[in-house]
Amino acid sequence: MSLDIASIDTISEINMDYTATIFLRQRWTDERLCFDGNKSLSLDGRLVEMLWVPDTFIVDSKKSFLHDITVENRLIRIYPNGTVLYAIRITTTVACSMDLTKYPMDKQTCTLQLESWGYNINDVMFYWTRGNDSVRGLDTLRLAQYTVEDYFTSVSEAVYETGRYPKLVFHFELKRNIFYFILETYVPSILLVVLSWVSFWISQSSVPARICIGVTTVLTMTTLMMGARTSLPNANCFIKAIDVYLGICFSFIFGALLEYAVAHFLLAAVANSCNVTNSMNNIDPNTKSKGSISGKRERSKHSGWSSPMSVMKRLFCIFDCFHVKNPYHIDNYARYSFPLSFIIINVFYWVYYLYF
């Protein structure tokens, strides 16, 4: 056998299959067809019904059809020594199990398996005509999202309950072109993360501006994440590389929104504490002295509560260590910590998925 790959029309991650048009050529020798002469005979394709032909089928084919415009695309050629050349043109959709863990930096290995349906290895044997050179057409093939990196052929046997049957397998490796996804997904998500950092340079008193940037970037990132999954199978439970990256970007954008919420809350807390301090300083000294005397009397009455109160004071002292005295410094820290951490995570991400 030998075959030419005329085209690979579609490769579907959702259905886990590919559709290809191939020219399948089979050669065998039938001594009953020997004749005198030195020229071959080309016969009408309709004469196939009158000859013995191998019962070859494509193992993982979901649907296939033989082209019949303007006539059935079949070729029968008989040589004087009884050798028969039988060629057909088929378009077939073949299942291909894909591992999308590294999508869109993944490589997929698909196969085209040819077996005998009814004749076992005692009746017929399958061979590739010229080994790896038996398959042609992939060197000049141009695919939309993939590049054919390697291909090879193999010969094996299929073992079933009814016996052992000959099998020929054609393996080809497809590498996905990532440039499309960089422009479509990665660059927009990076720009959204950078846009969320703009709020660090806006005054904390500008509440509408900072909230608008945070909410807008979060919603836009959510839409981008939903759009990136439209071409992927919903039932696939694997976490893909693109899901990891979009999750990282979403976390940074959401973190920038939370940063302002924390900074604004601490700013309000500091303002309230200053107001309380000022009000305490404005109290009449005589009132303070009276209060202190009455306080001493109260503490003497409730001396039994001294130990729980001391524990609470110690806890408050511990929490006070984490207190930010100037909330405006939070934005200053975020201006450096967010970009630096995002760059470090990007380095680990790309090194892991490209080289491991």
* Quick one: if the Förster radius is 30 Å, what FRET efficiency do residue 158 and residue 29 give, using the C-beta to C-beta distance and rounding to 0.05? -> 0.80
* Structure fact -> Packing-ranked peptide list from 29-38, 47-56, 2-11, highest mean Cβ count within 10 angstrom first, is 2-11, 47-56, 29-38
* **Label-point separation in nm, residue 190 to residue 348, each point 7 Å along Cα→Cβ** => 1.9
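I need to check one value: relative contact order of the range 2-177, counting alpha carbon pairs closer than 8 Å and at least 6 residues apart, in percent. Numbers along the way, then the final one.
Details: 364 pairs, mean separation 43.1, N = 176.
Across the range 2-177, relative contact order equals 24 percent.
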* To do: Mind checking the full-extension length gain between residue 121 and residue 69? Use 0.36 nm per residue of separation minus the Cα-Cα distance, one decimal, nm.
  => 15.2 nm
* For each pair in 62/102; 63/102; 102/175, compute the distance between the two Cα atoms and list the pairs where it is over 20 Å. => 62/102; 63/102
* Asked: Which value, in debye to the nearest 20, gives the size of the charge dipole of the range 2-177 about its Cα centre, when Lys and Arg are +1 and Asp and Glu are -1 at the Cβ?
  -> 360
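State, to one decimal in nm², a quarter of the convex hull surface area for the C-alpha atoms of the range 2-177, i.e. the direction-averaged projected area. Intermediate results must be reported in sequence, preceding the final value.
On the way: hull surface 47.7 nm².
Dividing the Cα hull surface by four gives the mean projection, 11.9 nm².
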* May I ask you to sort 17, 139 by Cβ crowding, counting other Cβ atoms within 10 Å and putting the fewest first? => 139, 17
* Structure fact -> As straight-line cross-link partners of residue 240, the qualifying aspartates and glutamates (C-alpha separation under 15 Å, not fewer than 8 residues apart within one chain) are 13, 99, 106
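Rule-based calculations on the coordinates, nothing more; no lab input. Model, not experiment: these values are computed from the prediction. No Cβ is skipped: glycine too gets one built from the backbone with ideal geometry, and neighbour counts run over all protein chains shown.
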